[in-house]
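K.L.:
Quick one: this structure, given as structure tokens, is what I'll be asking you about.
The values are calculated or read from the model by the stated rules, or taken from the named source; none is laboratory data. Since the structure is predicted, the reported quantities are computational estimates derived from the model, not experimental observations. We place every Cβ from the backbone using ideal geometry, glycine too, and count neighbours over all the protein chains shown. Quick note on the areas: whole protein, heavy atoms, side chains included, nothing else; ligands and nucleic acids left out. Shrake-Rupley method; radii C 1.70, N 1.55, O 1.52, S 1.80 Å.
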Amino acid sequence: VADASIDSVLIDNYQGAYSAVEHLLESRPESLLLLTGAEHIYDSQERLKGAKQAIRDAAYDIDTTILSGEFRHDRGRAVFEEYIEKEGTFPDAIFAFNDDMALGVLDVLNKNSEVLPEDIQIIGFDNTEIAEYIGLSTIRVPMEEIGEEAGRFAAKRIQNRNARSTSVTFGTSL
């Protein structure tokens, strides 16, 4: 991302995560689980920064747990099961840094008779088709526009390999 010689098409991970956590905190949950991606991945780092800032900006203190689900469905499910076992309870709200991990959380909730999935606020990130189909709240990423812009960048690069690099960042929405 920091290499000025490379074209880049990015999303505003920071603001998307900030918006997700801000939305979750509007109902003043007592506990929040942040289910992050792998620590070395830029998107996860930026989402964590945005989420932490929203927590700092909240008008109250919230019990926050941060766990890595590595952006994978199976890891999201396993980490959430470990959280429940360790804590002996469920968080009031969950922000999963992608929809795959959010679906892993829903798998656990759907198999657990102690709590209904609708009793816990969950927001994912990416607005995948399955998330939209099942009604998961998620941060929308404008994939079609990103693909079109990446195509324009590639065409420009093919026409002129020495062209000045370009970077664009797309916003997200809840």
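K.L.:
Exactly one condition in (1) more than 21 Å from D43 (Cα to Cα); (2) of a type in the set (G, A, S); (3) not in a helix (DSSP H, G or I) is not met by G124; state its number.
P.N.:
(1)
K.L.:
Please enumerate the residues belonging to the stretch 91-105 that are surrounded by fewer than 24 Cβ atoms within 10 Å (Cβ to Cβ) and either at pLDDT below 95 or of a type in the set (D, E) (or both).
P.N.:
Correct list: D92 only.
K.L.:
Could you check the stretch 46-79 and list, in sequence order, the residues that are of a type in the set (A, V, I, L, M) and at pLDDT 95 or above? It would help to see each step written out before you state the result.
P.N.:
Quick first cut of the stretch 46-79, residues of a type in the set (A, V, I, L, M) only: 48, 51, 54-55, 58-59, 62, 66-67, 78-79.
Once the filter is applied, which keeps residues that are of a type in the set (A, V, I, L, M) and at pLDDT 95 or above, the stretch 46-79 yields L48, A51, A54, I55, A58, I62, I66, L67, A78, V79.
K.L.:
Which condition from (1) within 12 Å of the chain's Cα centre (by Cα); (2) of a type outside the set (G, A, S); (3) farther than 30 Å from N160 by Cα is the one that D74 breaks?
P.N.:
If we test D74 against (1) within 12 Å of the chain's Cα centre (by Cα); (2) of a type outside the set (G, A, S); (3) farther than 30 Å from N160 by Cα, just (1) comes out false.
K.L.:
Condition first: more than 19 Å from H73 (Cβ to Cβ) and not in a helix (DSSP H, G or I). Can you find one or more residues in the stretch 146-154 that meet it? Please lay out each step first, then the result.
P.N.:
Residues of the stretch 146-154 more than 19 Å from H73 (Cβ to Cβ): 146-154.
Filter once more, so that each one left must be not in a helix (DSSP H, G or I): none.
Taking every residue of the stretch 146-154 in turn, none turns out to be more than 19 Å from H73 (Cβ to Cβ) and not in a helix (DSSP H, G or I).
Each row is one residue, and each column tells you yes or no for (1) out of contact with any strand residue (DSSP E or B) (no Cβ under 6 Å at 6 or more places or on another chain); (2) farther than 23 Å from S31 by Cβ; (3) open to solvent by less than 30 Å² (accessible area, probe 1.4 Å); (4) among the hydrophobic types (A, V, I, L, M, F, W, C).
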site: D107; (1), (2), (3), (4): yes, no, no, no
site: K111; (1), (2), (3), (4): yes, no, no, no
site: D119; (1), (2), (3), (4): yes, no, no, no
site: Y133; (1), (2), (3), (4): yes, yes, no, no
site: S137; (1), (2), (3), (4): no, no, no, no
site: V141; (1), (2), (3), (4): no, yes, yes, yes
site: E149; (1), (2), (3), (4): no, yes, no, no
site: K156; (1), (2), (3), (4): yes, yes, no, no
site: A163; (1), (2), (3), (4): yes, yes, yes, yes
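K.L.:
Out of the stretch 140-171, which residues are without any contact (Cβ under 8 Å) to a residue 12 or more places away in the chain and among the acidic types (D, E)?
P.N.:
E144, E148
K.L.:
Let me ask you something else. Can you find a residue that is touching a residue at least 40 places away in the same chain (Cβ under 8 Å) and either of a type in the set (A, V, I, L, M, F, W, C) or assigned to a strand (DSSP E or B) (or both) anywhere in the stretch 109-120?
P.N.:
First pass over the stretch 109-120, keeping only residues touching a residue at least 40 places away in the same chain (Cβ under 8 Å): none.
No: the stretch 109-120 contains no residue that is touching a residue at least 40 places away in the same chain (Cβ under 8 Å) and either of a type in the set (A, V, I, L, M, F, W, C) or assigned to a strand (DSSP E or B) (or both).
K.L.:
Let me ask something additional. Taking the stretch 49-71 as the search range and keeping residues that are hydroxyl-bearing (S, T, Y) and under 19 Å from L106 (Cα atoms), which one is nearest to the chain's Cα centre (by Cα)? I'd like the intermediate steps shown before the answer.
P.N.:
Initially, the stretch 49-71 is screened for residues hydroxyl-bearing (S, T, Y), giving 60, 64-65, 68.
Narrowing the set further to residues that are under 19 Å from L106 (Cα atoms) leaves 65, 68.
Details: T65: 15, S68: 12 Å.
Among residues in the stretch 49-71 that are hydroxyl-bearing (S, T, Y) and under 19 Å from L106 (Cα atoms), the one nearest to the chain's Cα centre (by Cα) is S68.
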